[in-house]
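Here is the structure we will look at, set down as structure tokens.
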Amino acid sequence: MSHEGIRIQSEEERARDEEAQRPLPRIAITPEKVRVLLTEGKGLEIDWSDGHRSAWSFAWLRNACPCATCNDERSQQGRKPGQPKPRVAELLPMYTAPAKPASAQAVGRYALQFNWLDGHTAGIYSWDFLRRHCQCTECRFERGETAGAPN
């Protein structure tokens, strides 16, 4: 809840926010193997140095774009990273192509950047961001995201 820029949090919300901000061990955010499955149109897979394996669909990645514009839009709409935009009811719904990048490239040694077919290129997906938003059942359960299947 907020009023004029003041945010009031419950003790539970504060503890959850602190946990989300704690630094992850270096081994947990160091990728051992990164696979961007462009040809298959599937998404991104990462094997981490700590033995964990993560996978994201391109739809989830596009809806979770960490750029300032997308973060702002999600915040205003009350959406979480990866959560799709609400669909507007139309008399004749238009076809929208599934989210897919034209290419992907490394950003230094800390992130990936996608050049999406819709023209969006601003998001830089850090290893930390990706690990914190792992879509495996175990990680989703730990974050309390038990409802609904991942995109």
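Structure values in brief
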quantity	calculated
Around residue 43: net Lys/Arg minus Asp/Glu count, Cβ-Cβ under 11 Å	+2
Chain lengthening between residue 37 and residue 8 when straightened (0.36 nm per residue, less Cα-Cα)	6.2 nm
Over the chain: helical MRE at 222 nm, DSSP H runs n ≥ 4 each giving -39500 (n - 2.57), nearest 500	-7000 deg cm²/dmol
Charge sum, other residues only, whose C-beta stays under 14 Å from residue 84's C-beta, Lys/Arg counted +1 and Asp/Glu -1	+4
In segment 1-100, the trypsin sites (Lys or Arg not before Pro) that fall in loop regions by DSSP, at most 14 other Cβ within 10 Å	87
Chymotrypsin sites (Phe, Trp or Tyr not before Pro) restricted to DSSP loop in segment 1-109 with at most 12 other C-beta within 10 Å	95
Long-range amide H partners of residue 64 with built H, under 5 Å	82
Cα-centre dipole for the chain with unit charges at Cβ (Lys and Arg positive, Asp and Glu negative), debye to 20	380
HN-Hα J in Hz across segment 117-126 - Karplus 6.51, -1.76, 1.60, θ = phi - 60°, x for Gly and Pro	5, 7, x, 7, 9, 7, x, 10, 8, 6
Neighbourhood charge, 15 Å Cβ-Cβ cut-off, centred on residue 63 and excluding it, Lys, Arg +1 and Asp, Glu -1	+3
Segment 1-88: GluC sites (Glu not before Pro) in DSSP loop, at most 11 other beta carbons within 10 Å	4, 40
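No lab work stands behind these numbers, since they all come straight from the coordinates. As the structure is a prediction and not an experimental result, all values here were calculated from the model. Neighbour counts are summed over all protein chains in view; Cβ atoms, including those assigned to glycine, are modelled from backbone coordinates with ideal geometry.
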